[in-house]
Amino acid sequence: MHPDELAEIRAAVREHYGDGVTVRLFGSRLDDGARGGDIDLFIDDFSGDADDALRRKLALLLSLKERLGDQRIDVVVARRSGPVLPVHRVARRDGALL
């Protein structure tokens, strides 16, 4: 991904989640030689409840669409009090910290 896109992602995450979370890029966009694919983002260590997580996720997606244009973007949010899913393990293990 282009450094400007990564900066926009970091700024949007900070705007909607603050500094208390970490964000990782994972999936096909980690390979600069690969073409296409959606932008997979993992928001880790979110302290809010499920409703707040959903509201922030939707607001983040809208913000990213405005900043990055019409691209396929997937956001996975891991709440501190929520279950640990297989996708969380993969993103933590293989994702690149932004």
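Just so you know, all these numbers are worked out from the coordinates, no wet-lab data involved. Nothing here was measured: the structure is a model prediction, and the numbers come from that model. Counting neighbours? That spans all protein chains shown, and the Cβs are built from the backbone with ideal geometry, glycine included.
Worth a mention:
- Counting DSSP beta bridges with both ends in the range 3-97, the antiparallel % (nearest 5): 55 percent
- Loop-located GluC sites (Glu not before Pro) in the range 1-85, at most 13 other Cβ atoms within 10 Å (DSSP): none
- Toward the positive end of the charge dipole of the range 3-97, with +1 on the Cβ of Lys and Arg and -1 on the Cβ of Asp and Glu, the farthest Cα among Leu30, Gly82, Phe46 is that of Gly82.
- For the range 3-97, a crude dipole built from +1 on the beta carbon of Lys and Arg and -1 on the beta carbon of Asp and Glu, taken about the Cα centre, is about 260 debye to the nearest 20.
- Net charge of Cβ neighbours under 13 Å - reference Val84; Lys, Arg +1; Asp, Glu -1: +3
- The chain: Rg to Rh, with Rh as the Kirkwood radius over Cα pairs: 0.94
- Packing, as the average of other Cβ atoms within 10 Å across residues, places the peptides 37-50, 75-88 in the order 37-50, 75-88, highest first.
- Relative contact order of the chain, defined on C-alpha pairs under 8 angstrom at six or more residues apart (%): 36 percent
- Mean residue ellipticity, 222 nm, helices only, the chain: the sum of -39500 (n - 2.57) across DSSP H runs of n ≥ 4, divided by residue count and rounded to 500, is -14000 deg cm²/dmol.
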